[in-house]
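My structure is below; once you've seen it, I'll send some questions.
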Amino acid sequence: VRTVQEHFAEARSDFGDCRDRYPEGPLSLNCGLWHGLTWFFERDYDQALIELESLVPSARGHTLYPEIIYRIASTRYAQRDLDRAEKDLAGFLQEFPNHGREAEALVLLGDTLMGSGDLDRALEAFRKVPEEMVTQSTYAAFQIGKILKAQESYEEMSDHYEAYASRPGPPPRVSEALYWVGWAEDRMGRPASAEPIFLDALARFGNDPEATE
């Protein structure tokens, strides 16, 4: 509860007290993980990494071991240690396929590779995010669009956003996707194709305050 309330120092005290009182208890590792995460939430990434890495030897074989490895990787990313974050994330994805953090790890790997300027491999990572993971796949779809825009791959960009907008639902941010379809068509010198797309988006979403594009 204290962690949810963002009372991180108090939460850390509670987790530390629990771990000290019951060092062999079934929740000792859980307390250690959350103790480290309170530093992460406070953006003290150096201390968070020290604590998370200290858990690795005793966590091997535990159900929390993959979570700890993922958190170490995300902490390295937060530190902008992109080379080591990439290696940790790639290792996580190889060692723990189909883990509950897989979609998040793919997104984080894509962002890491974008930060390193390796756009082709970033595209590969983002494209592996399963569509059924709606939050992560939506984010990945728009990161793919950003990369295609940076690469000036306007035809592919138009097709990509059109395919996204055609997902059943409709998907989140569909008005934004339609905007980028029209933008790409216009950039390719096809204003006649762009105009009906913009008009359709306005007709469908013009009165939706959340459809900011």
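Considering the chain as a Gaussian network with a 10 Å cut-off on Cα pairs, which listed residue, R12, R21, R101, attains the greatest mean-square fluctuation?
Its mean-square fluctuation being the largest, the pick is R21.
Could you tell me the relative contact order of the chain? Use alpha-carbon pairs under 8 Å, at least six residues apart, and round to a whole percent.
9
Right, next: For the stretch 1-106, with all protein chains present and a 1.4 Å probe, just round the carbon and sulfur fraction of the accessible area to a whole percent.
The C+S portion of the solvent-accessible surface of the stretch 1-106 is 49 percent.
If you average 1/r over all unlike Cα pairs in the stretch 24-146 and invert the result, what Kirkwood radius do you get in angstrom?
After inverting the pairwise mean of 1/r, the radius is 14.9 Å.
Picking from A122, A105, A201, which is most flexible by a Gaussian network model of the chain using Cα springs under 10 Å?
Looking only at A122, A105, A201, the biggest GNM fluctuation is shown by A201.
Which one, [x] 1.15; [y] 1.27; [z] 1.37, gives Cα Rg over 2.2 N^0.38 Å as derived from the coordinates shown?
Correct label is [y].
Continuing with the same structure: FRET efficiency for L202 and R80, Cβ-Cβ distance as r, R0 = 45 Å, nearest 0.05?
For R0 = 45 Å, the calculated efficiency reads 0.65.
Among V107, V134, V181, determine the one that fluctuates most according to a GNM of the chain built with springs between C-alpha atoms less than 10 Å apart.
Among V107, V134, V181, the largest mean-square fluctuation in the Gaussian network model of the chain belongs to V134.
The values are calculated or read from the model by the stated rules, or taken from the named source; none is laboratory data. Values in this document were obtained by computation on a predicted structure and should not be read as measured data. Neighbour counts run over all protein chains shown; Cβ positions are idealised from the backbone, glycine included. Quick note on the areas: whole protein, heavy atoms, side chains included, nothing else; ligands and nucleic acids left out. Shrake-Rupley method; radii C 1.70, N 1.55, O 1.52, S 1.80 Å.
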